[in-house]
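To keep things clear, I will list the structure first and then write my remarks on it.
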Amino acid sequence: MAKSKKQFKTEVQELLNLVIHSLYSNTDIFLRELISNASDAIDRLRFESLTNKALIEAEPEWKIKLFRDEDANTITISDNGIGMNREDIERNIGTIARSGTRAFIEELKKGTEVAPELIGQFGVGFYSSFMVADKVTVISRKAGDDQAVKWMSKGDGSYTVEDCEKDSRGTDVILHLRDDNKDYLEEWKIKKIVKQFSDFVEYPVAMDITREEFPKDDEGKPDTTAEKLKEIEEQTLNSMKAIWMRPKSEIKDEEYNEFYKHISHDYTDPQEVIHYSAEGSIEFKALLYVPARAPFDLFTREERTGIHLYVKRVYIMDDCKDLIPEYLRFVKGVVESSDLPLNISREVLQENALIKKIQKNLVGKILKTLKEMQEKKPEDYLKFYNEFGKVIKEGLHSDYSNKDKLQELVMFESSKTDSGTYVTLADYVKRMPEGQKEVYYICGDKRETVEQSPHLEIFTVRDIEVLYMTDPIDEWAVQSLTEYDGKKIKAIDRGDIDLDFKNDDEKSDDDEKPKEDGQYKDLLEFIKSKLEDDVKEVKISNRLTTSASCLVTDEFGMSAHMERMFKSMNRDAPPSKRILELNPQHPIVDIVQQLFEKDKDNPNPKLDNYIQLLHDQALLAEGSPIKDPARFNRSVSDLMILEGSGLVKKAKAKKGKKATSD
Ligand code: ADP
């Protein structure tokens, strides 16, 4: 096929411009990214060759080789992996915007110090070549094909693709170094970078090393008077050590950290390392990491690397989803088992009983590690929880078998914590006053809103702790959290609240108040008839102390917060009517009662106004929108005029005077 010139997808070009013009620090990582791509390409072919030996017959050894050419100013990263055909190249490099492209651009555009190391995490590592090169050529031949293809770009908006010759399978990435990046041609520099970033790559990363030596004289000693002899020798630059197979005691922290960066494409050290060997009914080795930061796509679920699976030292896949439940998707690492068949496919994995057992074991170990972290290193746990707490809560919903362990790990802010600090359910129960039988919580979109909630009033007065569930996921998670330590977990804006457990001497005056529903019976009925479309019942409240009204969900209805979330997702919430509660101690309720008694049989717009306002205020207080803001405004204006009517008369009179004197 003829040579063709094509334009990069706009997004890719935008990314390239940013890479070329804004990433200067630590450009070394381009080599890590390209070696990592080469190693991935070999992994893939190795896996395919398990079922199709012919693919590698001509060249059964795996290798990544680096070539330096000082005359041409190029460095080449060459692998004998799976290779790409024309279609693959166009799909993978340049045209189709990969999911991470946009996210990475946004990160770069934030303009603050961007670590170029981030690039790998976003799945756009290839483009880091343009940090050091002003022209990149890729020559590739797919395993099993005869035809090779050449791709070339100067990073200036376009690239070319054409057919070409290549003797063997695999990919050569040739970087034409910019003038100010020529130091990447130096042997020592390449050696150092490979050692630092790619020591664990499983395949040899080789390079020709030139050795200069004086020739030996007759006695075998170097003849320093003669001209030096140049000898070229291929050297493997990395140690290729399978770190997870080595004993824990021999491994340094730095080695664990480097390996983590290698498999995760993350650039920060992990928060926690879990390395163990399972023995007994199942045998396997696991090296797992809890990252220090959540990846950008934790919730969009586009993460490409999770747990790498090896069978008898052979790489099988880099994201073995069956080894880890979805809510623990942030854990990275390697699992190696010798009991699985080598030719295991993704479909078989799902059904495999051994995999299920391994998964169970891994989950147990991870949850145990987190628990230990929570107990022994609370500061680390807090950091972890701020990054990954949300997904742990997801687990409450999805991993019923580990519910007991997970409910120890979740934490919430509360009416007794400062903002940003949390309480566990265990702590909550420990400091509950004697007699309290339930764990109380309130859902809302942020701390400031729930703190203002009228539902909280009685709890504040009685000094009873209330958990603040302000994560969007909390409302769902808490549905699986029905009980803790034999205590019901109860929303304070739902159903009846019974705080009668307090000791007599702690009871306040209002505890002695008899139930007042009877006294207000007719009024409550009347209000209900006025608000029929919106509320299912009107009651006298025992939870309000300062506000006049609030809305309460009945035991099984949908809460206001859930309803708001539905609406924010543009989904229709099933219509739900709630209970309007009134505070009999509040003067407004008193006024309403008086107006009602005076005028119950005649239409009274003032009374109607008061009733609507009591309902609207209850909505506003919990952060819900009111149905008819224009009517609300009118009602408030009417009341303001009424309140200030004396002043209005004065103002009019003054104006009148002024007009006549003018
Ligand atoms: P990532 O490697 O994170 O997916 P890159 O931008 O580095 O992102 O690479 C894009 C894609 O190009 C890879 O997913 C792979 O399909 C292909 N690719 C890159 N380098 C090679 C290579 N050496 N051999 C085969 N395919 C490669």
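Structure summary
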item	result
Top-ranked residue in the range 597-637 [being assigned to a helix (DSSP H, G or I) and β-branched (Val, Ile, Thr); ranked as most open to solvent (accessible area, probe 1.4 Å)]	Val636
Residues satisfying the stated conditions in the range 128-143, i.e. within 20 Å of Ile42 (Cα to Cα) and either in contact with a His (Cβ under 9 Å, 6 or more places away or on another chain) or among the aromatic types (Phe, Trp, Tyr) (or both)	Thr137
Sole exception among (1) surrounded by 14 or more Cβ atoms within 10 Å (Cβ to Cβ); (2) over 40 Å from the mean Cα position of the chain (by Cα); (3) among the acidic types (Asp, Glu) for Asp199, by number	(2)
Top-ranked residue of the range 131-147 - restricted to ones that are more than 9 Å from the ligand (Cβ to nearest atom) and under 17 Å from Ala72 (Cα atoms), ranked as surrounded by the most Cβ atoms within 10 Å (Cβ to Cβ)	Ala133
Scan of the range 202-239 for residues that are among the hydrophobic types (A, V, I, L, M, F, W, C), over 22 Å from Lys65 (Cβ atoms) and in a loop (DSSP other than H, G, I, E, B), ordered by number	Phe214, Ala226
All positions within the range 73-98 that are closer than 16 Å to Ser129 by Cβ and open to solvent by 40 Å² or more (accessible area, probe 1.4 Å)	Asn92, Arg98
Flag for Ile588 being out of contact with any helix residue (DSSP H, G or I) (no Cβ under 6 Å at 6 or more places or on another chain), surrounded by 14 or more Cβ atoms within 10 Å (Cβ to Cβ) and not in a helix (DSSP H, G or I)	no
Positions within the range 267-282 being modelled with pLDDT under 90 and open to solvent by 30 Å² or more (accessible area, probe 1.4 Å), in sequence order	Tyr267, Thr268, Glu279, Gly280, Ser281
Residue match in the range 531-551 (condition: open to solvent by 50 Å² or more (accessible area, probe 1.4 Å), at pLDDT below 75 and within 47 Å of the chain's Cα centre (by Cα))	no
Enumeration of residues in the range 315-348 that are within 21 Å of Arg44 (Cβ to Cβ), in contact (Cβ under 8 Å) with a residue 40 or more places away in the chain and not β-branched (Val, Ile, Thr)	Tyr315, Met317, Asp318, Lys332, Gly333, Glu336, Ser337, Leu342, Asn343
Strands (runs of 3 or more DSSP E) wholly inside the range 1-93 containing at least 1 residues that are away from the ligand (no atom under 11 Å from the Cβ) and modelled with pLDDT under 90	4-7
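The values are calculated or read from the model by the stated rules, or taken from the named source; none is laboratory data. No experiment lies behind these values; they were computed from the predicted model shown. Virtual Cβ from ideal backbone geometry, glycine too; neighbours counted across all protein chains shown. In case anyone asks, the SASA skips ligands and DNA or RNA and just uses the protein heavy atoms, side chains included. Shrake-Rupley method; radii C 1.70, N 1.55, O 1.52, S 1.80 Å.
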